[in-house]
Amino acid sequence: MAKYVLWAPRLLMLIIIAFIVLMAFDNYSIEVSSGKKMESFFTGIAPALALLAGMIIGWKHKMAGGIIIIVIGLIMTLMMQEYRQKLSFLLLSTPVLVTGILYILNWFYDKPSRQK
C-alpha cells in the first residue's frame with residue numbers, strides 16, 4: 001500500500017501537468033498576432049510550471065510539496081473562478097487538491113521509516 005501512496009501523487013501530477021500544457025496549446029488556434037499567442041500560451045502554462053516546481057519539491061520533502069500543491073490548487077481555483085462551474089472544478093482543481101493530499105499521506109506513511 002505504501003508503494004502506491006508513494007507513486008500515485010507523482011504519476012497523477014505528471015498527468016495533470018501534461019493536461020494543462022496540452023490545454024495551453026489550444027491558444028494557437030485563435031487568429032491573433034503571434035505576440036498575443038505567445039502571451040496567452042505562457043499564461044496558460046504558468047500553472048503547469050508552478051505545479052512542476054511543487055512536484056519537484058515534493059519529491060524530497062513530501063509535506064512541503066503537499067502543502068505547496070494544495071496552495072497552488074486553491075490559487076488556481078480562486079483566480080480562474082473554477083468554483084462557479086462544477087465541471088471545471090472537478091476537472092482542474094479537484095485532481096490538484098487530491099494530489100496534494102496524497103503527498104501529505106505519503107509523508108505520514110513514510111514517517112515510521114524516518115524514525116528508525
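The values are calculated or read from the model by the stated rules, or taken from the named source; none is laboratory data. What you are looking at is a predicted structure, and each value in this text was computed from that prediction instead of being measured. Positions of Cβ are backbone-derived with ideal geometry, glycine not excepted, and every protein chain shown enters the neighbour counts.
Descriptive notes on the structure:
- Qualifying positions in segment 38-47 - hydroxyl-bearing (Ser, Thr, Tyr) and either surrounded by 15 or more Cβ atoms within 10 Å (Cβ to Cβ) or touching a Phe, Trp or Tyr at 6+ places or on another chain (Cβ under 6 Å) (or both): 40
- Scope segment 16-28; condition aliphatic (A, V, I, L, M) and surrounded by 17 or more Cβ atoms within 10 Å (Cβ to Cβ); matching residues: 16, 17, 20, 24
Each row is one residue, and each column tells you yes or no for (1) within 19 Å of residue 13 (Cα to Cα); (2) part of a helix (DSSP H, G or I); (3) not polar (S, T, N, Q).
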position: 53; (1), (2), (3): yes, yes, yes
position: 59; (1), (2), (3): yes, yes, yes
position: 72; (1), (2), (3): yes, yes, yes
position: 77; (1), (2), (3): yes, yes, no
position: 83; (1), (2), (3): no, yes, yes
position: 91; (1), (2), (3): yes, yes, yes
position: 102; (1), (2), (3): yes, yes, yes
position: 106; (1), (2), (3): yes, yes, no
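- Considering segment 88-116, and only residues there that are small (Gly, Ala, Ser), over 17 Å from residue 3 (Cβ atoms) and at pLDDT below 90, the residue that is surrounded by the most Cβ atoms within 10 Å (Cβ to Cβ) turns out to be 93.
- Selection status of residue 35, surrounded by 15 or more Cβ atoms within 10 Å (Cβ to Cβ) and assigned to a helix (DSSP H, G or I): no
- The residues listed here are 80, 13; of these, the one that is crowded, with 17+ Cβ neighbours inside 10 Å and in contact with a Leu (Cβ under 9 Å, 6 or more places away or on another chain) is 13.
- Breaking point among (1) at pLDDT 85 or above; (2) farther than 22 Å from residue 5 by Cα; (3) hydrophobic (A, V, I, L, M, F, W, C), for residue 41: (1)
- Residue 6 part of a helix (DSSP H, G or I), modelled with pLDDT of 90 or more, hydrophobic (A, V, I, L, M, F, W, C) and surrounded by fewer than 18 Cβ atoms within 10 Å (Cβ to Cβ): no
- Listed by first and then second residue, the pairs with beta-carbon distance under 8 Å, at least 6 apart or on different chains, first residue in segment 45-67 and farther than 23 Å from residue 23 by Cβ, second surrounded by 18 or more Cβ atoms within 10 Å (Cβ to Cβ) and polar (S, T, N, Q), are 62/106; 66/106.
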